[in-house]
Amino acid sequence: MRLAFSLLASILLSVSAFADTLISNVTAITMKGDEVIEGAYVYIRGDRIEYIGNGRYDPKDASNLEIIDGTGKFLIPGLAEMHGHLPQGAANSQQAKDTLFLYLAGGVTTVRGMLGNPVQFEMRQMIKEGVLDGPTLYLAAPSLNGSTVSSPEQGAQLVERYKNEGWDLLKIHPGLTLKEYDSIAKKAHEVGIGFGGHVPADVGLIHALNKGQASIDHMDGFIQLAGGSDERLSDEQIRHVVEQYNNAFKSWIVPTQPLFNILIGGGDVIRLNRRFENKYVSPETRGNWHNRIKAINRRANSYIKDNRNRMLAELYKSGANIVLGSDAPQLYSVPGFSIWREIEALIKAGVTPEDMLVIGTRNAGDYFKGKDRFGTIQAGMRADLLLLDANPLENSKNLFKQAGVMAAGRWYSRADIDAKLADIAARNK
Ligand SMILES: [Zn+2]
């Protein structure tokens, strides 16, 4: 018995033990204020940053050390996908493995999963133990909506149950009545669990903000309050909504702008089909996307995207709390790479390179500050890092020039990532 136990322990140990890493002579954009350290040395032990500074670092015991030459490169915290969807099937299925790896391949080291399935607890644990390659996961519970919630009392019971089961937050979907929503919000505050997602039509944006909804995803609540999608919104209508948001509880906004732009506003079929990342999803998925976008195009009006883009620009200008989120893997949103599309949408909305880094990294760490420490490059932080070939403070698109990704201390070089991406593309030919 003892032998069997120690054998098991040593197998587990060999899975979870990995080399310490030293990234040398890199330009570190630490996101601690606007600090930039040139010639920085960053030492990573286990899943933590142990040291960062611009002197050489000599750790006490470093027999198992991997050194990464950062000369000429830029180091930032990893990106966060704050509205992602995680596989619902078996934790170690090929599809789950591919989806989780795609997030890493896009530079995403944290995912807030927005539709809970108990299998995701297992997935999260397997990533932690190094059995699966993937980002750190925070999990929203199964959806609270018009069909899963039948009364204010039953809604409150679900909140208690999900809190006890260990979910990180509650997912709000359309269809809840005002009374159900209020009961859920009250219980959520009582037991200490955040709630975020959609704004149910019966509730409305301002009420949701005043009830302390932690995140407003997709911006539909903003558009609805401004006057809807049937006609062009005036600048005055948009400004008025932004003002109300700023005077209420400044909840986190997760725009998921490219997805909703095409989901409601349609898109150029040829350009969408040409996106390089499409090759990482199955031919069936690609076919479904093609058919769906053609159907959407038949009923979309030309004002929808313009309204949404102007709303996002105005929110940004006003100093709104924004995080990155893309709602992968929905319509033309390939996990990991759909965050690049979101970054492009934010560039269009006028977001500066400095603010893009704040939105993409540190803000997610702020959002999850009760759970762990990440989102900046400082000693003690979770070692989620992105090594870039070009300076992201000069151009946000340099975020796409990735030389390697570190997720909770595990290093994936460009060559590792390219080899795995080629495998995923081959499986989806
Ligand atoms: Zn979603």
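The values are calculated or read from the model by the stated rules, or taken from the named source; none is laboratory data. All values derive from a computational prediction rather than experimental measurement. Because the Cβ atoms are built from the backbone with ideal geometry, glycine has one as well, and the counts that use them run over all protein chains shown.
Observations, loosely collected:
- Residues that are within 23 Å of Gln125 (Cα to Cα) and not in a helix (DSSP H, G or I), drawn from the range 149-173: Gly166, Trp167, Asp168, Leu169, Leu170, Lys171
- Residue match in the range 204-215 (condition: outside any strand (DSSP E or B) and touching a residue at least 60 places away in the same chain (Cβ under 8 Å)): yes
- The condition of being under 24 Å from Leu102 (Cβ atoms), hydroxyl-bearing (Ser, Thr, Tyr) and modelled with pLDDT of 95 or more holds for only one of Tyr332, Tyr316, that being Tyr332.
- Listed by first and then second residue, the pairs with beta-carbon distance under 8 Å, at least 6 apart or on different chains, first residue in the range 112-138 and under 12 Å from Gly89 (Cα atoms), second more than 16 Å from the ligand (Cβ to nearest atom) and assigned to a helix (DSSP H, G or I), are Gly116/Tyr162; Pro118/Glu165; Met123/Ala96; Met123/Leu100.
- Considering only residues in the range 54-91 that are of a type in the set (Asp, Glu) and at pLDDT 95 or above, the one that is nearest to the chain's Cα centre (by Cα) turns out to be Glu81.
- Residue check for Arg45: at negative phi and within 16 Å of the ligand (Cβ to nearest atom): no
- Subset of the range 220-266 that is free of Cβ contacts under 8 Å to residues at least 60 places away in the same chain and in contact with a Gly (Cβ under 8 Å, 6 or more places away or on another chain) - its residue that is nearest to the ligand (Cβ to nearest atom): Gly221
- Selected residue (only one of Phe249, Phe222, Phe260 is touching a helix residue (DSSP H, G or I) at 6+ places or on another chain (Cβ under 8 Å), under 15 Å from Leu315 (Cβ atoms) and part of a loop (DSSP other than H, G, I, E, B)): Phe249
- Selection of the range 73-99 for residues being free of Cβ contacts under 8 Å to residues at least 60 places away in the same chain and more than 16 Å from the ligand (Cβ to nearest atom) yields Gly89, Ala90, Ala91, Asn92, Ser93, Gln95, Ala96, Lys97.
- Scanning the range 177-203 for residues that are part of a loop (DSSP other than H, G, I, E, B) and more than 16 Å from the ligand (Cβ to nearest atom) turns up Thr177, Gly192, Ile193, Ala201, Asp202, Val203.
- In the range 408-429, the residues that are at pLDDT 95 or above and surrounded by fewer than 18 Cβ atoms within 10 Å (Cβ to Cβ) form Cβ pairs under 8 Å with partners that are of a type in the set (Asp, Glu) and part of a helix (DSSP H, G or I), at six or more places apart or across chains, as follows: Arg427/Asp98.
- Restricting attention to the range 163-185, the residues being without any contact (Cβ under 8 Å) to a residue 40 or more places away in the chain and surrounded by 15 or more Cβ atoms within 10 Å (Cβ to Cβ) number 12.
- Of all residues in the range 263-285 being in a helix (DSSP H, G or I) and among the charged types (D, E, K, R), the one that is nearest to the chain's Cα centre (by Cα): Glu277
- Selection within the range 315-330: residues that are of a type outside the set (Asp, Glu) and within 11 Å of the ligand (Cβ to nearest atom). The member of this set that is surrounded by the fewest Cβ atoms within 10 Å (Cβ to Cβ) is Gln330.
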